[in-house]
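Shown next, in structure tokens, is the structure this report addresses.
The values are calculated or read from the model by the stated rules, or taken from the named source; none is laboratory data. All of these numbers come straight from a predicted model, not from anything done at the bench. We place every Cβ from the backbone using ideal geometry, glycine too, and count neighbours over all the protein chains shown.
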Amino acid sequence: MLDPDPPFRPLRRHDGYLPLEDLGLVGDGTTAALVGLDGSIPWLCLPRFDSEPLFCGLLDHARGGHFTVAPDDAVQARQRYEPDTAVLTTELASAGGRVRITDALALRSGADLTDDTPAQRAELVRSAVVTDGDVRLRVELRPRGGVQMRSLFSGLELRVAGRPDLRLHLRSNRPLPALESTYDLHQGERLDLVLSWGRFHRHHRFDAETMLTDTADAWRRWMAHFRYSGPEESLVRRAAITLKLLRQLILNESWDEDAQTLCEHLDGGGSLDASLLALPLRQIVPADHPRMVATTDAIAKRLSAGNGLLHRYLHDQSTDGLPGDEGAFVLCSFWLVDNLARQGRVEEAEQLYASLCARASPLGLLSEQIDPSTGEFIGNFPQAFSHIGIIVSGVNLARAEAGIQ
């Protein structure tokens, strides 16, 4: 459940991996990083979503790589977003004190997210400040496949094995002797780190605090245009930001300027495909048609995974040939909310919608599927379709509550 002021909770791992519920998302519309409750970044593709991952410890914690900033002896932590932004803070408690790490994929100063102009700076900002006591902070940057480094412009230039196209630059407000370092910090002291992959030069300004402020301001300016009046408003606002993080690359890179159309592929190539009409979906059968009502009831009963969750189909009756079991698909339950609302079964829809929203992580994120037996997230994370469900079903419920068809 989304919690704007969550309590500290123990760090936990399953076979070396954080649960998906313990991951946050930061992004700039061109790429995104997953930030763990333990201060690690186990997933980041550079320079774009569809590029090879620089860090993929999410899939292989031993060899996949990560970028960690954390106390060695952290035992508890919590995460939250700065309100109406994609700027994430992770607070970690150790035996000697507490540290707050602020993460963001930086946006340009004055960036206007209401237009389609790319706003990214191609820089990841990680800023740690000790809020209580003394903390020995460990920094470890380990790209997948290994890396060569050399000193450059008061920082380190990194060349990743097998990625001649990718030139990285790591800078800090403190000395960077290596890619694995420790810093003894007292209350009020900070460590700022900026990883860049765009153009950089000797006079490249280093001001992590300003970069974080500019990024937060850009998100808040965009959210000032967001209008929603309905159930679960805080979660719907968060879902809008999550979707915005994933949207910009698709709009920019799948556009064919010559044909003046969106295309199948992110390079603007591929033929024109009628599946691109899948925003403006049309209703084939009215939701309140007797046969649709009967179908809705059958789905709710026969495909039920319990507690409001639905399987997409009965696995033992499917013909997809895929081995193993599947979890419950979150979006299917939001579709059920929509049908119930349009059938005038508003109270049922409200109860189901509330139960689904309560399954969001403390950061307001949802996965593609949920394990019905444990409630744990599985599948793609965060899943855009699940967040679309939060917004669309919220709007549909608000209209039903107001008596609007």
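Tell me yes or no: at least one residue of segment 34-45 is of a type in the set (Val, Ile, Thr) and under 11 Å from the mean Cα position of the chain (by Cα). Taking every residue of segment 34-45 in turn, at least one turns out to be of a type in the set (Val, Ile, Thr) and under 11 Å from the mean Cα position of the chain (by Cα). Taking residues in segment 225-239 that are over 12 Å from SER393 (Cβ atoms), and partners anywhere that are in a loop (DSSP other than H, G, I, E, B) and of a type in the set (Val, Ile, Thr), the pairs with Cβ atoms closer than 8 Å and at least 6 places apart or on different chains are HIS225/THR114.
Against the test of being of a type in the set (A, V, I, L, M), more than 18 Å from LYS301 (Cβ to Cβ), surrounded by 23 or more Cβ atoms within 10 Å (Cβ to Cβ) and out of contact with any Phe, Trp or Tyr (no Cβ under 7 Å at 6 or more places or on another chain), the options ALA349, ALA341 yield a single qualifying residue, ALA341.
Being within 26 Å of ASP72 (Cβ to Cβ) and within 20 Å of the chain's Cα centre (by Cα) is a property that LEU176 lacks.
Could you say which residue among VAL392, VAL337 is closer than 21 Å to MET292 by Cβ, more than 20 Å from the chain's Cα centre (by Cα) and among the β-branched types (Val, Ile, Thr)?
Exactly one residue qualifies, and that residue is VAL337.
Take the conditions (1) in contact with a His (Cβ under 7 Å, 6 or more places away or on another chain); (2) of a type in the set (Val, Ile, Thr); (3) modelled with pLDDT under 95; VAL75 misses just one of them, which is (1).
A count restricted to segment 116-140 and to residues that are farther than 14 Å from ASP192 by Cα and touching a strand residue (DSSP E or B) at 6+ places or on another chain (Cβ under 8 Å) stands at 10.
Whenever a residue of segment 347-359 is in the same structural domain as PHE381 (by TED's automatic domain parsing), its partners that are among the aromatic types (Phe, Trp, Tyr), lying with C-beta atoms within less than 7 angstrom and at least six residues away or across chains, give the pairs LEU356/PHE334. A single member of GLY57, GLY64 is outside any strand (DSSP E or B) and crowded, with 22+ Cβ neighbours inside 10 Å, and it is GLY57.
Filtering segment 68-78 to residues that are surrounded by 24 or more Cβ atoms within 10 Å (Cβ to Cβ) and either under 20 Å from the mean Cα position of the chain (by Cα) or not assigned by TED's automatic domain parsing to the domain that holds THR210 (or both) leaves VAL69, ALA77. The residues in segment 44-56 that are over 15 Å from LEU124 (Cβ atoms) and either of a type in the set (A, V, I, L, M, F, W, C) or without any contact (Cβ under 8 Å) to a residue 40 or more places away in the chain (or both) can be counted, and the count is 1. Would it be correct to say that GLY389 is in contact (Cβ under 8 Å) with a residue 12 or more places away in the chain, at positive phi and outside the structural domain of LEU59 (by TED's automatic domain parsing)? Criteria not met by GLY389. Is it true that some residue in segment 228-243 is loosely packed, with under 14 Cβ neighbours inside 10 Å, modelled with pLDDT under 95, under 24 Å from CYS45 (Cα atoms) and not assigned by TED's automatic domain parsing to the domain that holds GLY97? The answer is no; no qualifying residue exists.
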